[in-house]
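The values are calculated or read from the model by the stated rules, or taken from the named source; none is laboratory data. None of the values given here were measured: they were computed from a predicted structure. Backbone-built Cβ (ideal geometry, glycine too); neighbour counts: all protein chains shown.
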């Protein structure tokens, strides 16, 4: 059994590395695919082995997926905010540092998860009953905070509002599959790729130096905000990061630590909340819920062990891959990379969300370009998720 568990973890790490490096692929999509396969091709497999494979893949993905987000400006739905400070560091020759900041945040999160699992099992049910009525007011507070930070407050509010209206139209379309993929990829990914292509952006030589920053404040913000995603619909890693930043008040480099920490903590908490309150808020947790017969304490222990092992492997894998990419990216035509990435995104969106998804993608892309040209922080475009979430609770 030990050998089978180890193989499952290593295969999961491999799969998570591939999904993390592939532009536009979110781990939730893989979760849906695994559920369907578990009912057919994997039906004879031991459910525990498949569950541990999913956990290892999911945790690894949260480490690796910042690499395409920062180096290519191509996020998935959990890493779009990393583009904001990450791409600026890339243009200053500090892309390696940007990824390492998220990498350390994820590593600390893996350690935190192993420490807080047992207390969380007892605390989460109480938080679940107390927090739900407060979340729309908290999101309103976050929204005011985002706009208050801007010099162009009216313009920022306008960006927040129009992206919120776009989010409402897209997320309420029952004919669109995986609406977040074309919506967020257009707003945060392809919009910047097109601007980079137009401006013929040149990537300077990248420094291979470890970042120097303080980790306590961003980790504290991530730890406080991430549990909200365990049981509140409409709240993902990005919104949790915004809430965490409201608490921690981080700057650019610290914000990347907070993003990495939040991304991994949200995934880890989704497995803990599945055990504690039987609620699933990630595609991976949904897949596990449909595969398992019962979530026993023994299985939870194996899940936490898998998180630790896969997290540490993913940490060193991220260092290795980022070094290679940092050294090679200046030798490659960045415009051609951007065009190739854009084409990959179009193919992925068409495959996942169909022709309607491509229409949303085009509209979101032009909206993103327009908002960027207004010269306000792109965090204001998170109105596409925050406004629909607020209205969900009030209507």
Test residue 295 against the stated conditions and say whether it is closer than 18 Å to residue 53 by Cβ, out of contact with any strand residue (DSSP E or B) (no Cβ under 7 Å at 6 or more places or on another chain) and not in a helix (DSSP H, G or I). yes
Hey, does the stretch 6-17 have a residue that's modelled with pLDDT under 85 and in contact with a helix residue (DSSP H, G or I) (Cβ under 8 Å, 6 or more places away or on another chain)? no
How many residues are at pLDDT 70 or above and surrounded by fewer than 24 Cβ atoms within 10 Å (Cβ to Cβ) when one looks only at the stretch 69-90? 3
Using the structure shown, decide if residue 343 is assigned to a helix (DSSP H, G or I) and touching a residue at least 40 places away in the same chain (Cβ under 8 Å). no
What about residue 270, is it within 24 Å of residue 384 (Cα to Cα), surrounded by 23 or more Cβ atoms within 10 Å (Cβ to Cβ) and either modelled with pLDDT of 80 or more or touching a strand residue (DSSP E or B) at 6+ places or on another chain (Cβ under 7 Å) (or both)? yes
Restricting attention to the stretch 164-189, which residues are in a loop (DSSP other than H, G, I, E, B) and at pLDDT 80 or above? 172, 173, 174, 175, 176, 177, 179
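Conditions tested, residue by residue: (1) touching a residue at least 24 places away in the same chain (Cβ under 8 Å); (2) surrounded by fewer than 18 Cβ atoms within 10 Å (Cβ to Cβ); (3) in contact with a helix residue (DSSP H, G or I) (Cβ under 9 Å, 6 or more places away or on another chain).
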position: 144; (1), (2), (3): no, yes, no
position: 149; (1), (2), (3): yes, yes, yes
position: 153; (1), (2), (3): no, yes, yes
position: 160; (1), (2), (3): yes, no, yes
position: 163; (1), (2), (3): yes, no, yes
position: 173; (1), (2), (3): yes, yes, yes
position: 179; (1), (2), (3): yes, no, yes
position: 188; (1), (2), (3): yes, no, yes
Enumeration of residues in the stretch 380-395 that are within 22 Å of the chain's Cα centre (by Cα) and either buried (at least 24 other Cβ atoms within 10 Å of the Cβ) or under 18 Å from residue 131 (Cα atoms) (or both): 380, 381, 382, 383, 384, 385, 386, 389, 390, 392
So residue 318 ticks every box in (1) under 28 Å from residue 205 (Cα atoms); (2) out of contact with any helix residue (DSSP H, G or I) (no Cβ under 8 Å at 6 or more places or on another chain) but one. Which box is left unticked? (2)
Name the pairs: first residue in the stretch 79-93 and closer than 20 Å to residue 20 by Cα, second residue modelled with pLDDT under 55 and in a loop (DSSP other than H, G, I, E, B), Cβ to Cβ under 6 Å, at least 6 apart or on different chains? 83/75
May I ask you to list the residues in the stretch 190-220 that are without any contact (Cβ under 8 Å) to a residue 60 or more places away in the chain and either within 17 Å of residue 336 (Cα to Cα) or outside any helix (DSSP H, G or I) (or both)? 198, 199, 212, 214
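If I ask for residues that are assigned to a helix (DSSP H, G or I) and surrounded by fewer than 15 Cβ atoms within 10 Å (Cβ to Cβ), which ones from the stretch 326-338 would you list?
327, 328, 330, 331, 336
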Checking 338, 294 in turn, the sole residue that is over 18 Å from the mean Cα position of the chain (by Cα) and more than 26 Å from residue 121 (Cα to Cα) turns out to be 338
Search the stretch 273-292 for residues being touching a residue at least 40 places away in the same chain (Cβ under 8 Å) and not in a helix (DSSP H, G or I), and hand back the single one that is surrounded by the most Cβ atoms within 10 Å (Cβ to Cβ). 282
Subset tally (residues that are under 21 Å from residue 244 (Cβ atoms) and either modelled with pLDDT of 85 or more or touching a strand residue (DSSP E or B) at 6+ places or on another chain (Cβ under 6 Å) (or both)) for the stretch 148-162: 2
What's the total number of residues in the stretch 367-385 that are assigned to a helix (DSSP H, G or I) and either closer than 13 Å to residue 157 by Cα or free of Cβ contacts under 8 Å to residues at least 60 places away in the same chain (or both)? 10
